[in-house]
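**Q** Pasting a structure here, questions to come.
The values are calculated or read from the model by the stated rules, or taken from the named source; none is laboratory data. All of these numbers come straight from a predicted model, not from anything done at the bench. Cβ: placed from backbone, ideal geometry, glycine included. Neighbour counts: every protein chain shown. Ligands, DNA and RNA are stripped out before the accessible areas are found, and what is left, the full protein with its side chains, is counted by its heavy atoms. Shrake-Rupley method; radii C 1.70, N 1.55, O 1.52, S 1.80 Å.
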Amino acid sequence: MVILNSANKVSSQTMKIIFSALLVLVLFIVSCKSTEPGKPNLQNNPSPKNAPAIDLYHGSYTKTFDLIHTKLEIKPNWQNKELYGQASIQLKPHFYSSDDLVLNARGMEIHSVALEKDGLEMQTTFRYENNLLRIKLDKFYSKDDTVEVIINYTSRPDLLPEGGSAAIRKDKGLYFINADGSDPDLPTQLWTQGETESNSVWFPTIEDPGQRMTQEIYLTVDSGFKTLSNGLLLTSIANPDGSRTDYWKQTLPLAPYLTMIAVGDFAIVRDEWRGKEVSYYLDKNYEKYANMIFGLTPEMMDFFSEKLDVDFPWEKYSQVVVHHFVSGAMENNTAVVHGTNMQQDPRDFKDYNYEDIISHELFHHWFGNLVTCESWANVTLNEGFASYGEYLWREYKYGRENADVFGQLDQSIYLKASKKTDAPLIRFRYEEREDVYDAISYQKGARVLHMLRKLIGDDAFFTSISNYLKAYKFSTAEFHQLRIEFEKVCGQDLNWFFDQWYLKSGKPSLDISTNWDMGQNSLIISIKQIQDLKKNPVYRLPMDVDFYFGSKTVRKTIVLDSLKQDFIFNFEEEPKLVNVDAEKSLLLEKKSENKKTTNWIFQYQHAPLYQDRYEAVEALSKTYKVKSPESEIILQALNDKNPSIRLLALRNVKELALNAAEQVKPILVHLAQNDSDSFVRAMAYEALGEYYSFKEFSDFFSKAIPDYSYYVEATVFEIISSKDYELAITLSDTLEPDSSATVLSVLASFYSEHPDLEKFDFYKRAVRKSSGWSQYRIINYFTTWLKSQKVALIREGSEILLSLGLKTNSKHIRNNCTASLIRLQNELTERIKSIKKSQTQKIINKADGESVSIDEVDLIQLESLSKELESKIKLLEKKT
Ligand SMILES: [Zn+2]
């Protein structure tokens, strides 16, 4: 799964500029704990009365029965938002004989339960309470027996209490979208989200990642719909009542949380990989962009199959885009679900795209789907690997330089998140299952794998993970089993590595000083571990050190394993640069080094990695002055091959821009017009706007609208609108037809400051066309604008906010709609007060003999709208 925050692969500096749906991710990380009770105890062990404190330990679930096969015959009822189903489930006792079968079935109506006996259905007694279906079997079954139960049920996801978490906004398993078709902007769809334990809302099963089953789904829908599920579509048969039954079969066993269905009027674009179907399901108006969006998938399948020496094992590979999805994306086996942020037009796509999510979900088909974490405590075996898959794909496709930018960002996401909580990677203690879906399991998990790879070498690393996949395929594993595969291959004990990185929380910080002793011709590297030892362990950190002598570089390996250590090397001359952690692989929170300016300059010019140059520019830009050697590097960095370094230089260009304007202006103009990266272009425009007179560049800015890049357009418009109202008004006409959320958001902001502009229709469209964070912001701007409008418009606006708040799948959007209605109501209260005050005034004046006309009509209108808003607010609050 891609969680809502982890998909955000932009630096904190560029973050503010991505208005797209991705930013919803940061927004939605606000915790909303599940209200669902914890995992039901299938063993039926009641907890002792008066137990002292609750132990939050969550190990793997006890297996009483093993799932073997699940056959579902299901049919949605759109009107009631229900699903009718018959589930035939084959199981066997795991080891001990049993006559007591317990299944998870959440919020269902169970109509009947039967046992299959020699082709006949034998009705049996059952008890259904607390979301558990307890079936009394006709006898004790042994581990060599198979039992088949047939359950008729109705699934009612919309009657469940609302749960959810930061990673997965809802947990009702089955989602009817625009079921009655009343929203003309929204397709009618049905889709599921199983992870972690929500599939039991729509079919009885055993919610445990350690279970595995083969599967058949007969899905009956109106003939206008397309369906998607796991495995292959074997038949599609028209029924006499005009409906159609699609038969999907998954012959290789999968964990129950990976089961899915999706129903909708999708366009389907087909491709293939080594004779297997690869397909993309999306909205029809994006059909023409399907290959632009998903087209690298077969090449990714090739790359991962070869890199892992395990071919993509499953029957086919489909990806589907659904509306109002509740997470970032989900790796349902052979049928990945994405949110609509994936649907971009070419202009949007060029600014920023979601290829990382595609590689992430595909890599899960080895790590997560082929080998599954045996408990949620081990979820980094799914998510740390899938996140590292994103790095591996970039490294292969675009080179290490590109991948290292991504790695650096992963590291910063983890470090930022760890300020709040910094649990161990393997966590047996947590409050809610979804708590483990965080920057620790994902980003830290990926960086720790990267460190391990650098420690033992590429050959050993990839051989080990390949062996791990082969040893545990179609089964589960926990992290010790991964460790053992690494140890087998490289012949070394790695327990210390797994102990400090997987079982302990924290990260090291280093203070490094390098001194040359001329008398002894020796170089002393002193390293101190400066992390807070109350929260972090003392680390053992093997690392490479590069010593640069003119054209020659010497690499040595050192092992730091105490709090303070000196490493002494004898050389004939003083190195020009000592580059500690030369592979830049250590996951460090802080690092301080006593490097001189000449060392940093040398590092920028000669060290090979992206991080080498990044660190150098960062260090040199701290206090540089014009015409200094440092400023020469900032100038060079403006033209660095890597856009992230060009952005870093732009962020630090002020001193040069102000004091060497004639030299820097043409560079900024060139970057603004020609850079291949939209963010670099936009930041160059921002620098021109910030450091030079607007008059000098106003023509230049005007010419940037329209631009191919939405992001550049939006940035330039923001600059213009803060300086020249008339020009902004003229240009806004050019921008308004754009449907990009980035552009709509800056227009919405501009108009909110000018309530005299008639922009109701614009806002109506902008709220509808946007989603996530953009929508959240647009709602705020709309409300600000509405506050200054007449009663009739406020009423119409409040209808839009109410209907959005009722429809949305996002608690945050709904809460924002409520907050906006409250803001409008407060505005009305102010107006009422002010009229009443002026009435009093006028009555007083009347005594002086003046004539008055009290605007009773206004007052009545305001008070009645205020009451309407009150009831709308209550409606939304009830929904929350
Ligand atoms: Zn994932």
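**Q** Please give the number of the condition Asp99 fails out of (1) in contact with a helix residue (DSSP H, G or I) (Cβ under 9 Å, 6 or more places away or on another chain); (2) modelled with pLDDT of 95 or more; (3) open to solvent by less than 40 Å² (accessible area, probe 1.4 Å).
**A** Going through (1) in contact with a helix residue (DSSP H, G or I) (Cβ under 9 Å, 6 or more places away or on another chain); (2) modelled with pLDDT of 95 or more; (3) open to solvent by less than 40 Å² (accessible area, probe 1.4 Å) one by one, Asp99 breaks only (1).
**Q** A further question on this structure: Of all helices (runs of 4 or more DSSP H) completely enclosed by region 673-739, which ones contain at least 1 residues that are open to solvent by 30 Å² or more (accessible area, probe 1.4 Å) and more than 21 Å from Phe762 (Cα to Cα)?
**A** Passing ranges, in order: 678-691, 694-703, 710-723.
**Q** Please go through region 328-350 and pick out each residue that is out of contact with any Asp or Glu (no Cβ under 8 Å at 6 or more places or on another chain), over 21 Å from Arg394 (Cβ atoms) and part of a loop (DSSP other than H, G, I, E, B).
**A** Answer for region 328-350, where residues must be out of contact with any Asp or Glu (no Cβ under 8 Å at 6 or more places or on another chain), over 21 Å from Arg394 (Cβ atoms) and part of a loop (DSSP other than H, G, I, E, B): Asn332, Asn333, Gly339, Asp345.
**Q** Also, quick follow-up: Taking the stated definitions as given, is Tyr398 modelled with pLDDT under 95, assigned by TED's automatic domain parsing to the domain that holds Glu374, hydroxyl-bearing (Ser, Thr, Tyr) and more than 24 Å from Lys590 (Cα to Cα)?
**A** No.
**Q** I've got another one for you. Can you pull out the residues in region 402-440 that are among the polar types (S, T, N, Q) and either touching a residue at least 60 places away in the same chain (Cβ under 8 Å) or farther than 29 Å from Asn495 by Cβ (or both)?
**A** Matches in region 402-440: Asn402, Gln408, Gln411, Ser412, Ser418.
**Q** I would also like to ask the following. If Ser223 passes every condition in (1) open to solvent by 40 Å² or more (accessible area, probe 1.4 Å); (2) of a type in the set (S, T, N, Q); (3) more than 19 Å from Ile74 (Cβ to Cβ) but one, which one does it miss?
**A** That leaves (3) as the condition not met.
**Q** Still on this structure: Quick check on region 585-599: of everything there that is under 22 Å from Ser412 (Cα atoms) and open to solvent by 20 Å² or more (accessible area, probe 1.4 Å), which residue is nearest to the chain's Cα centre (by Cα)?
**A** Applying the filter and picking the extreme gives Glu589.
**Q** Let me ask something additional. Which one is nearest to Met1 (Cα to Cα), of the residues in region 394-410 that are open to solvent by less than 10 Å² (accessible area, probe 1.4 Å) and more than 16 Å from the ligand (Cβ to nearest atom)?
**A** Gly407
**Q** Looking at Ser644, Ser621, Ser631, which is the one that is open to solvent by 10 Å² or more (accessible area, probe 1.4 Å) and without any contact (Cβ under 8 Å) to a residue 40 or more places away in the chain?
**A** Exactly one of Ser644, Ser621, Ser631 is open to solvent by 10 Å² or more (accessible area, probe 1.4 Å) and without any contact (Cβ under 8 Å) to a residue 40 or more places away in the chain, namely Ser621.
**Q** Would you be able to say whether some residue in region 351-359 is touching a Pro at 6+ places or on another chain (Cβ under 7 Å) and either within 16 Å of the ligand (Cβ to nearest atom) or part of a loop (DSSP other than H, G, I, E, B) (or both)?
**A** Within region 351-359, none of the residues are touching a Pro at 6+ places or on another chain (Cβ under 7 Å) and either within 16 Å of the ligand (Cβ to nearest atom) or part of a loop (DSSP other than H, G, I, E, B) (or both).
**Q** Could you go through region 548-558 and let me know if any residue there is surrounded by 15 or more Cβ atoms within 10 Å (Cβ to Cβ), part of a strand (DSSP E or B) and over 38 Å from the mean Cα position of the chain (by Cα).
**A** Yes, region 548-558 contains at least one residue that is surrounded by 15 or more Cβ atoms within 10 Å (Cβ to Cβ), part of a strand (DSSP E or B) and over 38 Å from the mean Cα position of the chain (by Cα).
**Q** Same structure again: Of the residues that make up region 824-847, is at least one surrounded by 14 or more Cβ atoms within 10 Å (Cβ to Cβ) and among the acidic types (Asp, Glu)?
**A** Yes: region 824-847 contains one or more residues that are surrounded by 14 or more Cβ atoms within 10 Å (Cβ to Cβ) and among the acidic types (Asp, Glu).
**Q** Do the conditions hold for His365, that is, is it more than 14 Å from the ligand (Cβ to nearest atom) and assigned to a loop (DSSP other than H, G, I, E, B)?
**A** no
**Q** Here is a list of conditions, (1) without any contact (Cβ under 8 Å) to a residue 40 or more places away in the chain; (2) farther than 30 Å from Ser676 by Cα; (3) open to solvent by less than 10 Å² (accessible area, probe 1.4 Å), and Arg765 meets all of them except one; can you say which number that is?
**A** Status for Arg765: all satisfied but (3).
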